[in-house]
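Engineer: Pasting a structure below so you can have a look.
The values are calculated or read from the model by the stated rules, or taken from the named source; none is laboratory data. Since this is a predicted model, take the numbers as computed values, not measurements. Because the Cβ atoms are built from the backbone with ideal geometry, glycine has one as well, and the counts that use them run over all protein chains shown. Remember, those area values only see protein heavy atoms, side chains included, never the ligands or the DNA or RNA. Shrake-Rupley method; radii C 1.70, N 1.55, O 1.52, S 1.80 Å.
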Amino acid sequence: RFQACVYFASVFQAMSCGIHYLASVFMAVTPNFVCGIPGNVSSVLFYNSSEASLEDIWTVWTATENYIVVQLENGEIWELNQCSKAKREVSLDLAYEYKGNKSVFSCSDGFLYDDTKWKSTVVTQWDLVCDREWLAKLIQPTFMLGVLIGAVIFGDIADRLGRQRVIWFTSAGQFVFGVAVAFTSDYYSFVIVRFLLAMVSSGYLVVAFVYVTEFVGIKARTWASMHVHAFFAIGIMVVALVGFLVRTWWVYQIFLSIATLPFVLCCWMLPETPFWLLSEGRYEDAQKVINTMARWNKVSTPCKVAELYSVQHDGPVSGSTGDNDAPSAKKHNILDLFCNWYIARRTITVWLVWFTGSLGYYVFSLSSVNLGGNEYLNLFLIGAVELPCYIIACIGMDKLGRRNTLIPFLILSALICVLIMFIPQDFNVLIILANMAGKFSIGVAFGLIYLYTAELYPTIVRSLAVGSGSMMCRVGSVVAPFCVYLRSVWIFMP
């Protein structure tokens, strides 16, 4: 009973990590746009389509390399491209083709955006198009850079100061920074606040995973640890749902951040893990937590820490406060993961799996909105397909073992990537199904590596090991958005 309450309280907040990691999929959308014009429009023309306003022409205008012709109320005729505009010197009848002289201008009057899908995004808010387009493409990579740094910093802090304090700080930080993002007044403050949000979100995910792993018994650890990721996947589904319902980016961000509030209000009640308390020599504090667990679980004879440790020490340690008798005075750092060749080889192998798992996971997730069809449904399905994949992963780990489950699913995800390249582009349903299958297979490998890493290292460096693995994973997630952008070079390059 005690472990179940602690577990569900902790993993609920993992949902908000999934929310913030994928929020930019819709928040940083670049809609159709053309150069702004100095005056009111009386009529619009695109090939054979003539409309009274620009809003009516967006559904017809699909090829972004073509221009739109507009006539102003004062009689001037302009040709509007995405990053330039041309004024026709001779204003004759409104026609699409024109052979006369034109004066070309830059987009000094701003831009006109298609707001049929999104009323406002960060791209339309700060005109992150044309020569500022690269700023929009940096939004997700800079967030993932914050995730990378947060994983290392908070993983290390959790080993030094305890899991509980980091969980308190990072969960409160997710709510505060999440709401603060919605009230940023310019692009640079937006990126900085999201960078801080990324750090605390990543810190929470790493430490919460170690936290529940140390509380849950060995018998249930596989299922419990894997379903931390299930809540992350639910967060992705929430992003798709809120994105469908709310079409203004700052309102969308506030709604997503409110999801974290229930946990922030109750997370102060979570106890420290007995494993960490024992590793720090705080035996009395560990005994108090164990006694609380015993009361909740109705265990009549709780274990005595003093009896467990009397074998390893000269005398009983029941009177120890941890001030003089702490066996773990040495502070550990990342070099301890390379203390000998055997451990170093293990660390390098684990890091490689973290990197490839993350790269595949985020490329499949971020590219889902570009597959055609309904982008909200696509993202929802990409999140939903993770739920059964963790069940398969748990069964595989219990029946086949960690390694024998990891290897085939990593290979399968690579084969699906090859298969996607042979599916014709107009077969939308097949492409979406193949992407879901790819996300399923990489999801098994990616979800499994958290528990596998935690089990391969001792308590004193466990958070550090998971944190450093998560750091490598974030290197993959920083590369992933750029990998998705390579579609503009060659559609199969990702």
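Engineer: Of all the residues that make up region 192-236, how many are among the basic types (Lys, Arg) and at pLDDT below 85?
Structural biologist: Taking region 192-236 first, the residues among the basic types (Lys, Arg) are 194, 219, 221.
The next check asks that each one be at pLDDT below 85; those that pass are 219, 221.
Within region 192-236, residues that are among the basic types (Lys, Arg) and at pLDDT below 85 number 2.
Engineer: Follow-up. Looking at (1) in a helix (DSSP H, G or I); (2) of a type in the set (Ser, Thr, Tyr); (3) modelled with pLDDT of 90 or more, which one does residue 184 not meet, given that it meets all the others?
Structural biologist: (1) is the only condition that residue 184 fails.
Engineer: Does region 154-164 contain any residue that is polar (S, T, N, Q) and touching an Asp or Glu at 6+ places or on another chain (Cβ under 6 Å)?
Structural biologist: Looking only at region 154-164, we keep the residues that are polar (S, T, N, Q), and these are 164.
In the following step, the residues that additionally are touching an Asp or Glu at 6+ places or on another chain (Cβ under 6 Å) were identified as 164.
Looking through region 154-164, at least one residue is polar (S, T, N, Q) and touching an Asp or Glu at 6+ places or on another chain (Cβ under 6 Å).
Engineer: Within region 116-123, can one find any residue that is part of a helix (DSSP H, G or I), in contact with a strand residue (DSSP E or B) (Cβ under 9 Å, 6 or more places away or on another chain) and not aromatic (Phe, Trp, Tyr)?
Structural biologist: Step one: filter region 116-123 for residues part of a helix (DSSP H, G or I), giving 122-123.
From the residues that got through so far, the ones that are in contact with a strand residue (DSSP E or B) (Cβ under 9 Å, 6 or more places away or on another chain) too are 123.
Next cut, not aromatic (Phe, Trp, Tyr) only: 123.
Among the residues of region 116-123, at least one is part of a helix (DSSP H, G or I), in contact with a strand residue (DSSP E or B) (Cβ under 9 Å, 6 or more places away or on another chain) and not aromatic (Phe, Trp, Tyr), which makes the answer yes.
Engineer: Further, regarding this structure: I'm trying to understand the selection: among the residues of region 108-154, which are closer than 29 Å to residue 204 by Cβ and of a type in the set (D, E, K, R)?
Structural biologist: 137
Engineer: Those residues that are open to solvent by 30 Å² or more (accessible area, probe 1.4 Å), in contact with a helix residue (DSSP H, G or I) (Cβ under 6 Å, 6 or more places away or on another chain) and under 13 Å from residue 175 (Cβ atoms), I need them from region 262-294; list them, please.
Structural biologist: Answer for region 262-294, where residues must be open to solvent by 30 Å² or more (accessible area, probe 1.4 Å), in contact with a helix residue (DSSP H, G or I) (Cβ under 6 Å, 6 or more places away or on another chain) and under 13 Å from residue 175 (Cβ atoms): just 264.
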